[in-house]
Every structure is written in C-alpha cells, then in structure tokens.
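None of the figures in this text is laboratory data; all of them are computed from the coordinates on show. Nothing here was measured: the structure is a model prediction, and the numbers come from that model. Cβ atoms come from the backbone with ideal geometry, glycine included; neighbour counts cover every protein chain shown.
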C-alpha cells in the first residue's frame, strides 16, 4: 500500500509545537509525501467552539491540526473508564464529521487508551505505535482493534505478546533537516563543545550525574537546546522543585549555555559546531527504561561521538554510541565521559564519523515510511 493521496489521522500524546518527536516528524513527512494529514493531540487546555476545529498548520499546506475539547471532564477516564469511552465515542464522531472525509488510516501513538480504535468506524487501517513501555493496563488496552503494532524496540513489542496482532520494529527516524543540512559558516576554536538536546523538565534526567560531569569538565562548554520553562514546552514535563533546582544550577555555570526550544532547521545547523553529545538519564525513573531515544539519530547524523547512559538498542553498537555499561546506575558515566574528551580525536575519526552518518541517513523518516508501506503490503493492505 502506497502512503500517498491518503487521508491520515495521527493521534499524539504531545501537542503540536516547537519541539518535534517521532509523531510530529511522521505527520510532516506524510504530508510531504502527498497525503492529507490531520494531527490530533489527546486533549486541549482551552475550550474549543463546537468541540472540534480544524486549523491549518504553518509548516505544510497538507498538514492540519485538530483542535478539540471534550464536553465532559477528562478525569472521568481515571474513575469510570467505561463511562469515559461511552462519551468519547460521540466525540470521535464529531472529529470524523469535522474532517468530512473518509479517513484511510488512523495512526495512534496514545498509550493511555484515550481514543479507542473501535470508535473510528470508517477507517479501514489502524496502526498503533507505543514508543514507551506501557506502565499499566491502559497502555496495553490501547492496542485493541489495531491492525498492526509498530514500535521501536523488541522490549516494547514483547509487552503485547498476548495480542494476536502483527508486530513490527521500525527504528526511530531522522528528519530531513538533519540529512545533508546547509553548511554552517563558523570558525572552529580550541574549545570542546558538547551538545545536549531535549526537555530539561523531564523527571528522569540524572541530575546528580549531569552536574558532576559539568563540574569535572570546566574547560568543556555544554550547550543545551530544549524546554527549561513549562510555558515553552509542548511535550510535557514537570515543574517540581527538583527540576527548578537543576535549571537554576545550570544557569549558574560559566561553561553552560541554555538556548531553549528552537526549530529543527536551526538545531541541525547548530549541531555542526559540536564536538560530541551527551545523554544522561536515570533509567530507573525513565518510562521507556532506557531502551531508545529519538535524539540519538539526530546526534549520529553529525558523525560526532555520542556519550550516553545505557540504551539497550545500541548495546552492541559501540561505534555508534559510547555508553555506560550499567543499567541501574550512572556511577561510571563521568569517568567514561572524561576518557572520551581526552581521546576525542580517536572517537571522532573520519572512519567512525562516516559509520554514524550512514546509519542515521539509512533511518530517515522517508525511508521509514517506505518500510511501513512494505509492511502494509505484506499484511495485504493494498
């Protein structure tokens, strides 16, 4: 089945905004491939007139944003899930009516079972993509009535063994902005610069380890991109005292720069100035348990070394990611980081850079869509 000239509805736990995750990238790439794409997040903060409104995005004429608000309290879902689903069935009908076209494909990234597939009555194909390990039965129940389950790792797919539904691994993708971006005109100095991208409001950042690494490497400049204020985040995060303390600490370092959120185009350019990248998460607090991260592919696209807490997807790929061996702690990560910095020329050899770049480019979102087309054909959706 070719994903072209189709009406596609994407359901995302994260709203549309300045920061893109896999669901945002797929929505944009599918629009570029010639589809009419409707992007719907799980719930709206403000009330929407008549419950549902279609808003044109400012990134592509074929990408539309479904703004919607429920006519009943969302918290019903956590007390009376049956009543919630009874009511949400009518809400989904409103969405379908507003789109006013037969939806060829519903692709849900929702692991909270907010909009069950069975209520999308006029859609012949339903894809479910859990990108984190489901933490409760709701996450598992979200797979009900899906035609195919797509995920990024075998660990996630194993959670759905009881479902008699075809399951496939499709790796995290690389956005077009990071594939052969324009060359950034800059003069390289002697300062080692390490890039760190992502939401600083996440609760699973290993704050102690991160600050230790910064403390022990005063001659390294750490440049951060991503939300560090709740108002600027479209992908969630906490605002607790611990997160605020981390951000306050980072702002106090002379060798730390916080840029906030930027467009992927700018990110792809700025990455070219980096000598390497750092990932530092506490796996025990991480919902995805350190099995994969979207940002790794973007880092690898530069060819520069990636130093990271443990990521199971890359455990057998030392040429791609230099990672902490332990799963339950990052005690050795500061030493590992320092060793990489002291041997940066070897870790950033021309040969290793080409290996990383090649791997990333082979996993572009465009190539991933071609893989999904083949999966649909294998499952006889034509």
Quarter of the Cα convex hull surface for the range 178-362, i.e. its orientation-mean projected area (nm²): 10.1
task: Relative to the longest principal axis of the C-alpha atoms of the chain, give the angle of the C-alpha long axis of helix 81-99, reported between 0 and 90° and rounded to the nearest 10°.
output: 90
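I'd like the projected area of the chain, averaged over all directions, using the convex hull of its alpha carbons. Report it in nm² with one decimal.
On the way: hull surface 75.9 nm².
The directionally averaged projection comes out at 19.0 nm².
Out of all DSSP beta bridges in the range 178-362, what portion is antiparallel? Express it as a percent rounded to 5. Write down the numbers at each step before the final one.
Details: 1 of 18 bridges.
Antiparallel bridges: around 5 percent, rounded to the nearest 5.
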- line: Yeah, the range 249-352 with a ≥ b ≥ c from its alpha-carbon gyration tensor (a/c under 1.5 is rounded, else prolate when a/b outruns b/c, oblate otherwise) is rounded
DSSP beta bridge pairing in the chain, given as percent antiparallel to the nearest 5: 15
task: Quick one: angle between helix 333-342 and the longest Cα principal axis of the chain, in degrees between 0 and 90, rounded to 10, please.
output: 60
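If packing is taken as the mean number of other Cβ atoms within 10 Å per residue, what is the order of 193-201, 59-67, 221-229, highest first?
Numbers: 193-201: 22.3, 59-67: 18.0, 221-229: 20.4.
Going from most to least packed, we get 193-201, 221-229, 59-67.
When only Cα pairs under 8 Å and 6 or more residues apart are kept, what is the percent relative contact order across the chain? Walk me through the intermediate numbers first.
On the way: 706 pairs, mean separation 58.0, N = 382.
Once normalised by length, the contact order is 15 percent.
Counting only helical runs of four or more DSSP H residues, what would the 222 nm mean residue ellipticity of the chain come to if each run contributes -39,500 (n - 2.57) and the total is spread over all its residues? Mind dumping the intermediate values first?
Values: 13 runs with 120 residues, N = 382.
That comes out to -9000 deg cm²/dmol.
With a cut-off of 8 Å between alpha carbons and a minimum separation of six or more residues, what is the relative contact order of the range 292-382 in percent? Mind showing how you got there, number by number?
Details: 83 pairs, mean separation 29.8, N = 91.
With pairs under 8 Å counted, the relative contact order is 33 percent.
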- prompt: Between the helical axis of 365-378 and the dominant principal axis of the chain, each derived from Cα atoms, what acute angle in degrees is found, rounded to the nearest 10?
  reply: 40
- line: Simple spin-label estimate for residue 254/residue 155, 7 Å along Cα→Cβ, in nm, reads 4.0
- request: Would you mind getting the Kirkwood hydrodynamic radius of the range 139-226 from its Cα pairs, rounded to one decimal in Å?
  value: 17.6
task: Sort 128-134, 342-348 for me by packing, meaning the mean count of neighbouring Cβ atoms within 10 Å per residue, highest on top.
output: 128-134, 342-348
message: Please give the Cα centre distance for the range 269-306 versus the range 327-380, rounded to the nearest Å.
response: 9
message: Across the range 9-158, what fraction of all alpha-carbon pairs, as a whole percent, falls in each successive 10 Å bin from zero upward?
response: 11, 43, 38, 8, 0
field: Simple spin-label estimate for residue 315 and residue 50 in nanometres, 7 Å along Cα-Cβ
entry: 5.3
- request: Run the numbers on the range 178-362 and let me know its relative contact order in percent, using alpha-carbon pairs under 8 Å that are six or more apart.
  value: 23
- line: Whole-Å distance linking the alpha carbon centroid of the range 35-89 with that of the range 107-155 is 17
